[in-house]
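All remarks here apply to the structure that follows.
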Amino acid sequence: MRVLLLCLVTGLGAFGSETVEILRDNFGTPHIFARTSAAAAYAAGYAQAQDRKDALLRNLRGAGTEETPLSPRMKVIVEAYCSGINRYLAENPGSDSAPITPSMVAAFSRLAFTTIHGSNDALIGPTRSSTGNVIAILDPLSGWNDDGRPYEMRIYASDEQLALSGIAPPGVPFPLIGHNASVAIGWSGSTEVAGPGALEQAWAMITARNLAEVQAALRMGHIPGTALVGTAHGELYDSSGRKPDQGVLLQARSVAQAEAGVRQVLAAQNTWPFGRAVDVAFSTVVYKAETWQARLVKVAPELPLVRMLTGWNRRSDAGSREALAFYLFKMALGQPEAAAIEPPDSLSNNRIRAALRKAQDQIETELPYRADYGTLFRVARDGAAQSKPVGGGTVPEAGMITPRAITFQRAGVVEMGTGGQTATQIVELSTAPHAVSVLIPGESDGPESGHFDDQARELFSTGTAKPTYFGDRKALEKHLSAKKELVF
């Protein structure tokens, strides 16, 4: 009776009254088609449990419980979400099948933004995009083996004219970072616990139809960190108060030079088509590498290694022998010079020559024949059968910073990527938004799944993102890997 009353108050359907579909694309991303947001949340809970059960349960049970007052609409959404999780647990019983409750979701929602370890977001305004539309690069950072690693989903609720696309950690029923048909929202993340109204504010943000509604949601003040917002009306907004600079807004929270690196890449041309904006998001161009090239050619232009490096395109692609040589040269300088983004004035020519000789000797005697950047820089998530070469990343000890943010940890003789750029979304906001995305390593946490690390393989081998088919069910249905119907 209580649920029925809430449904009457909010206009949502009663449990058991509608069929909801989960259509999975070639990469396993769930596209949920429902009439109501409650039914969509029910399917989101089921899908998250199907893909990330262990992480989902650790997130929700580990957060404890909190009896947070919720609006009638949010109460129905959260209860439906829990019901979807519990249905999957009932269908797949195990030692951890105790039911999930709304109080767990409420408690975890206050921790959700702490799972974002920063962001490298960018908004390209109408004066800088070739179509006159806002292009949003939403690029949150997280650990690739963390329980809070983003989960990607697309949600459609036809009766409420809702279409949402984006990511949230398992344990949240709808996207926190992403876009709808009118607004794109990125967040910087924060180590601060959110307020008790975090879910309400997040819902108001992701369902906002215009900038005024976004700003009203921000005034609720429950979510820490900074929001970057672009709209289909051509507006760019930074909740910290920063204004667009030459038609661009940036938000970099990984390392100090990340924002400057993205700005340097964007300065390469005046207007940007969508495809080139995608290239920016995954760029492996090493920030300020040209300053080292200029110094080297003055010091020892006759050396073969210098000729290699001065002809380098300054991209740390996985197959780049020059990027590996640059890394070895920088490390041979010793600290603190190796970590310098630009050559320090105090660095002598003799030190540079000695480092060049050492790097050349390493290439010739210590490394495999024709070794490249990907020989030393690899990626493999926990449970993967083998590691794979990767390009780009943040290597602060060598002063190498790229827009493609990856953090590395030494594992034997290689540097193993453990996190960074995780759930990148690039969207052009127009009357029919166009978007692509990558979720690294993949949607599923199951090593036996075909979607365990497939998106990482796709990005690192081809440099491309996948289409999201946002708002285009006909195109989606040509690229399905699975379909499931649930009665809510």
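The values are calculated or read from the model by the stated rules, or taken from the named source; none is laboratory data. The structure displayed is predicted, hence computed values, not measured ones. In this analysis, Cβ positions are derived from the backbone assuming ideal geometry, glycine residues included, and neighbour counts consider all displayed protein chains.
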Checked pairs for the range 144-162, first outside the structural domain of G178 (by TED's automatic domain parsing), second in a strand (DSSP E or B), C-beta under 9 Å and 6 or more apart or across chains, list as none
Mind listing whichever residues of the range 368-380 are in contact (Cβ under 8 Å) with a residue 24 or more places away in the chain and either among the hydroxyl-bearing types (S, T, Y) or surrounded by fewer than 22 Cβ atoms within 10 Å (Cβ to Cβ) (or both)? R370, A371, D372, Y373, T375, L376, R378, A380
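Would you say T431 is farther than 21 Å from A281 by Cα, of a type in the set (V, I, T) and not in a strand (DSSP E or B)?
When the stated conditions are applied, T431 passes them.
Say we look at the range 285-307 and pick out the residues that are in a helix (DSSP H, G or I) and of a type in the set (D, E, K, R); which of these is surrounded by the fewest Cβ atoms within 10 Å (Cβ to Cβ)?
At the first step, the residues of the range 285-307 found to be in a helix (DSSP H, G or I) are 289-299, 304-307.
Retained after the next criterion (residues that are of a type in the set (D, E, K, R)): 290, 295, 298, 307.
Numbers: E290: 15, R295: 16, K298: 12, R307: 14.
This residue is K298.
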I need a count of the residues in the range 154-163 that are in contact with a Lys or Arg (Cβ under 7 Å, 6 or more places away or on another chain) and either within 13 Å of L176 (Cα to Cα) or surrounded by fewer than 22 Cβ atoms within 10 Å (Cβ to Cβ) (or both). 2
Which residue out of E397, E415, E428 is assigned by TED's automatic domain parsing to the domain that holds A325 and touching a residue at least 12 places away in the same chain (Cβ under 8 Å)? E397
Kindly check whether there is at least one residue in the range 437-451 that is over 15 Å from I22 (Cβ atoms), in the same structural domain as L56 (by TED's automatic domain parsing) and touching a Lys or Arg at 6+ places or on another chain (Cβ under 6 Å). yes
Which of the residues belonging to the range 124-153 are of a type outside the set (F, W, Y), crowded, with 22+ Cβ neighbours inside 10 Å and under 15 Å from the mean Cα position of the chain (by Cα)? A136, I137, L138, D139, P140, L141, S142, G148, R149, P150, E152, M153
Extreme residue, farthest from P196 (Cα to Cα), among residues of the range 70-100 that are touching a Cys at 6+ places or on another chain (Cβ under 9 Å) and among the β-branched types (V, I, T): I100
For the structure I just gave you, tell me whether T407 is surrounded by 19 or more Cβ atoms within 10 Å (Cβ to Cβ) and in the same structural domain as W187 (by TED's automatic domain parsing). no
Name the one entry in T422, T402 that is β-branched (V, I, T) and touching a helix residue (DSSP H, G or I) at 6+ places or on another chain (Cβ under 8 Å). T402
Filter pass, A55 being at pLDDT 95 or above, among the hydrophobic types (A, V, I, L, M, F, W, C) and farther than 30 Å from P244 by Cα: yes
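Conditions tested, residue by residue: (1) in contact with a Ser or Thr (Cβ under 6 Å, 6 or more places away or on another chain); (2) surrounded by fewer than 24 Cβ atoms within 10 Å (Cβ to Cβ); (3) not in a helix (DSSP H, G or I).
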position	(1), (2), (3)
G178	yes, no, yes
G195	no, yes, yes
Q201	no, yes, no
A204	no, yes, no
A212	no, yes, no
Q215	no, yes, no
Show the residue pairs meeting these rules: Cβ distance below 9 Å; 6+ apart or different chains; first residue within the range 111-131 and more than 30 Å from Q269 (Cβ to Cβ); second residue surrounded by fewer than 20 Cβ atoms within 10 Å (Cβ to Cβ) and of a type in the set (A, V, I, L, M, F, W, C). L111/A63; L111/V193; F113/V193; T114/V193
If I ask for residues that are closer than 19 Å to R404 by Cα and in contact (Cβ under 8 Å) with a residue 40 or more places away in the chain, which ones from the range 290-322 would you list? R315, S316, D317, A318, G319, S320, R321
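Within the range 323-364, how many residues are without any contact (Cβ under 8 Å) to a residue 60 or more places away in the chain, small (G, A, S) and in a helix (DSSP H, G or I)?
Adding up the residues that qualify gives 5.
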Name the single residue that is surrounded by the fewest Cβ atoms within 10 Å (Cβ to Cβ) among those in the range 308-339 being among the hydroxyl-bearing types (S, T, Y) and closer than 14 Å to K288 by Cα. T310
Inside the range 365-414, can you point out the residues that are among the aliphatic types (A, V, I, L, M), outside any strand (DSSP E or B), more than 20 Å from the chain's Cα centre (by Cα) and modelled with pLDDT of 90 or more? L367, A371, L376, A398
Check A482, A475 and return the single one that is of a type in the set (G, A, S), more than 22 Å from E259 (Cα to Cα) and part of a helix (DSSP H, G or I). A475
